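Take a look at the structure below.
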Amino acid sequence: MSRPGFPLTILEFQQRFGTEEACRAYLFASRWPEGFACPGCGGRDCGAETRRHLWICTACGRQTSVTASTVMHGTRLPLRTWFWAAYLVSTFHPGISAKQLQRQLGIGCHETAWAMLHKLRGAMVAPERELLKGEVEIDEFYLGGYEEGLKGSRQRGKKTLCGIAIEVRGRGSGRLRLQVLPDPSSASLLALTKATTTPGATVHTDGYQAYNVLADHGYDHRRRPKQSVSPGEELLPRAHRAISNLKAWMHGTHRGVSPEHLPVYLDEFVFRHNRRGTPMAGFQTLLGLGLAHEPITYRQIIDRAA
Ligand SMILES: [Zn+2]
């Protein structure tokens, strides 16, 4: 049995997750689709849910919460607030700000809404990121410098080098990957390629020399110098379309992003791009249901920002 499905419309969502009990039942079914199983001893029997919402294993006495290993772990907010936040973040196009989230859900303090949003974003990286395959376009580009006027002049125009890999699907695009790059060296571009693309794949790049190393590492490298592109034809069209969408999105929705936070936003953009056909399906992923990795904590967010 797999984890329970997700509601397809906002009305269905509202009906299904109208109470704390309904949310908790959904978490139970997501965590234990085949019935309770103790994470300590594997025991299948438990007592009734305690007043503190814990399930106690009959065999070993271990207490388990349905929010353990989800982004909601240790939260003081109602589960309904989390469910709605995940719904809004996964379906709101082109993305939602902490201020919008705070207003929509009536969250008292901005810091709480901000931390929530960042926790949900933290779940946007699937732990088992499959490598791209077939034909892939790879490129590097500069992003950022949006914080003009918002921060001190030191920040102004600060741009970050990023790498992109995107699958060719006929005339359209397949899956996308984005990464911050330390520099535009061969080593960095090779690391980007290895982290995103299956060896043996056909990799299209522009004429930049640093990509020449790809052929030595098992990639079918097709380098296209600018001179070889005929008028009206575009070099790496899918990569360039995704980059311009990313820039518009960053500029329109997330103006004040500092370079330290950029990776989180790149992950969000990739998450949205790769699920653009089924945004509702993202809701479970964002809550951390059935995820192997630990959800990020508020402390880690602050440390990353420091
Ligand atoms: Zn047990």
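The values are calculated or read from the model by the stated rules, or taken from the named source; none is laboratory data. All of these numbers come straight from a predicted model, not from anything done at the bench. Neighbour counts are summed over all protein chains in view; Cβ atoms, including those assigned to glycine, are modelled from backbone coordinates with ideal geometry.
Name, by its number, the condition in (1) more than 16 Å from the ligand (Cβ to nearest atom); (2) of a type outside the set (Gly, Ala, Ser); (3) in a strand (DSSP E or B) that does not hold for Glu12.
With (1) more than 16 Å from the ligand (Cβ to nearest atom); (2) of a type outside the set (Gly, Ala, Ser); (3) in a strand (DSSP E or B) applied to Glu12, the lone miss is (3).
Hey, can you tell me all the residues within region 15-31 that are under 19 Å from Leu286 (Cα atoms) and either within 14 Å of the ligand (Cβ to nearest atom) or not in a loop (DSSP other than H, G, I, E, B) (or both)?
Of everything in region 15-31, those that are under 19 Å from Leu286 (Cα atoms) and either within 14 Å of the ligand (Cβ to nearest atom) or not in a loop (DSSP other than H, G, I, E, B) (or both) turn out to be Arg16, Glu20, Ala22, Cys23, Arg24, Ala25, Tyr26, Leu27, Phe28, Ala29, Ser30, Arg31.
Right, Thr70: assigned to a loop (DSSP other than H, G, I, E, B) and buried (at least 18 other Cβ atoms within 10 Å of the Cβ) or not?
On the way: assigned to a loop (DSSP other than H, G, I, E, B): yes; buried (at least 18 other Cβ atoms within 10 Å of the Cβ): yes.
Yes.
Answer yes or no as to whether Phe83 is more than 16 Å from the ligand (Cβ to nearest atom), more than 15 Å from Gly288 (Cα to Cα), assigned to a helix (DSSP H, G or I) and touching a residue at least 60 places away in the same chain (Cβ under 8 Å).
Judged against the criteria, Phe83 is not a match.
Could you check region 116-133 and list, in sequence order, the residues that are crowded, with 20+ Cβ neighbours inside 10 Å and either small (Gly, Ala, Ser) or assigned to a helix (DSSP H, G or I) (or both)?
The first filter runs over region 116-133 and keeps only residues crowded, with 20+ Cβ neighbours inside 10 Å, leaving 116-124, 132.
Selection gives Met116, Leu117, His118, Lys119, Leu120, Arg121, Gly122, Ala123.
Looking at Thr75, is it in a loop (DSSP other than H, G, I, E, B) and among the hydroxyl-bearing types (Ser, Thr, Tyr)? Full working, then the answer.
Working: in a loop (DSSP other than H, G, I, E, B): yes; among the hydroxyl-bearing types (Ser, Thr, Tyr): yes.
When the stated conditions are applied, Thr75 passes them.
Please determine, by comparing only the residues of region 164-175 that are surrounded by 15 or more Cβ atoms within 10 Å (Cβ to Cβ) and modelled with pLDDT under 95, which one is farthest from Val125 (Cα to Cα). Walk me through how you get there before you give the answer.
Of all residues in region 164-175, those surrounded by 15 or more Cβ atoms within 10 Å (Cβ to Cβ) come to 164-168, 173-175.
After this cut, where a residue has to be modelled with pLDDT under 95 as well, the list is 173-175.
On the way: Ser173: 20, Gly174: 17, Arg175: 13 Å.
Looking at the filtered set, the residue picked out is Ser173.
State all residues of region 1-56 that are under 20 Å from Ser69 (Cα atoms), in contact (Cβ under 8 Å) with a residue 60 or more places away in the chain and surrounded by fewer than 16 Cβ atoms within 10 Å (Cβ to Cβ); if no residue qualifies, say none.
Correct list: Arg3, Glu20.
In region 32-64, what residues are hydroxyl-bearing (Ser, Thr, Tyr) and away from the ligand (no atom under 14 Å from the Cβ)? Before you say what the answer is, go through the steps one by one.
Narrowing region 32-64 to residues hydroxyl-bearing (Ser, Thr, Tyr): 50, 58, 64.
Result: Thr50, single match.
Across region 1-54, what is the number of residues that are in contact with a helix residue (DSSP H, G or I) (Cβ under 6 Å, 6 or more places away or on another chain) and farther than 28 Å from Thr278 by Cβ?
0
Filter region 32-61 down to residues that are more than 27 Å from Leu286 (Cβ to Cβ) and basic (Lys, Arg) and give me whichever is modelled with the highest pLDDT.
Only one residue fits best here, namely Arg44.
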